[in-house]
Amino acid sequence: MAAETGVPLPVLAKTEVDERLSSWLTRTAAIYLVSPDALVAHIGLRTKRIHDLDLDPHADDIARLVAATGVSVARLSQMTFRDAPETLRGFIDVESREICPACVGEARPRAAPRLREWTHPFAFWCAKHGGRLKSADIDGVGVLSDEASARRGARYWRALAMGADETTPTTAAVMNLLLAPCRSPSPAAPWELAGASSWIRAELQKEPVRTYPRLALSCVVPEYDRAVAVCDRRLPREFQALASARAVERRAVAIGLGRTIAFPVEAAVCILQRCDDFGRRRIEDELAAWPAHLRAAIDRARRRVRSGGASTPWRRAVVDRAPRPTPRSGCNDEFDDVARLLVAEHEASLRHLPVEERLDRLQALAQAELEGLRLRVDRGRRGPAGAHDREDV
């Protein structure tokens, strides 16, 4: 290998699109059968940890890399986060070890590249292959199966990180709401320890009266309670610290974002219904940052709930009180009634939005209704051949 004399290394790994600088140097070190740290020391870089080159490499280190590799400053900078928005830099986890199994398969027997995008807490899928990223800590991720909400929430989260948080309510406000306590901390109930590991149970025996936060996220994403035992949750107090959270908790937050931004009134009412006095003050403080028209819609929805009206959580079929179109009828008038009811039910949430955002919201509503319709059709098909439930689907 070349020492720090400025002579380029004779062989370099081929750079991939969006690859991190540390990943490229690691794969180059593998060609010479040395460790990444040995390569860094040989080139004479000031940094002690190779991952630090991704976030903010020193100008002297860039100059030495140019001399040792023959790669331009501009190309090396593209492999780092030097020019990333400040909001995005706050979310980056340079220690992230998530990978795409398909990318690993393509690279074998050589080491697979690690992309810059995979350091983002909202990057759950490989942009090249579309599959889920994998990591060593994937416990509970399979329970969080609402892919549509996860993708919608990841899109809003990315916009926030890039400095383009233009949702209503803002993504930052929704994250603050989801991570706020809706009830006072309390000890774990026996049924909440079902998914706890043996070492967690041993720790609980040492401190049986320990209390745990009760966050609004569990109201919007109830499957999070099944994915992670209450005594094993590691969600931070501030959403800016989510970069270092586990995959299961980052995905739960993304699903919560997708559901709450699609159905803000329903999500807020769902959270408020589960609050105690301690949590209600915190939740109402967070909702105070929401637009006035949404707060008014939330108040109206809460009054309907108190007066005996049915609550409208985001996953409920919105047309429960309307004539339901069936696969046998095919009546276009009934489908028109459903569409009009969807708009009327969420008028306060849609009125202020641009056309594109309004269509996106209506698409989410329609998807929730189709899920409910599919369940009803499946129930009608059960039983002996030719038999149907009397319940109107």
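Some observations on this one:
- Loop-located trypsin sites (Lys or Arg not before Pro) in the range 46-123 (DSSP state not H, G, I, E or B) with no more than 13 neighbouring Cβ atoms inside 10 Å: Arg46, Lys48, Arg49, Arg97, Arg110.
- Anisotropy class of the range 221-264 from Cα gyration tensor, a/c 1.5 cut: oblate
- For the range 96-159, the Kirkwood estimate of the hydrodynamic radius, built from every pair of different alpha carbons, is 12.7 Å.
- Qualifying GluC sites (Glu not before Pro) in the range 53-157, where qualification requires a DSSP coil assignment and no more than 13 other C-beta atoms within 10 Å, comprise Glu95.
Every number here is computed from the coordinates shown, using simple stated rules; none is lab data. In this text, all values refer to a predicted model and were calculated from it rather than measured experimentally. Virtual Cβ from ideal backbone geometry, glycine too; neighbours counted across all protein chains shown.
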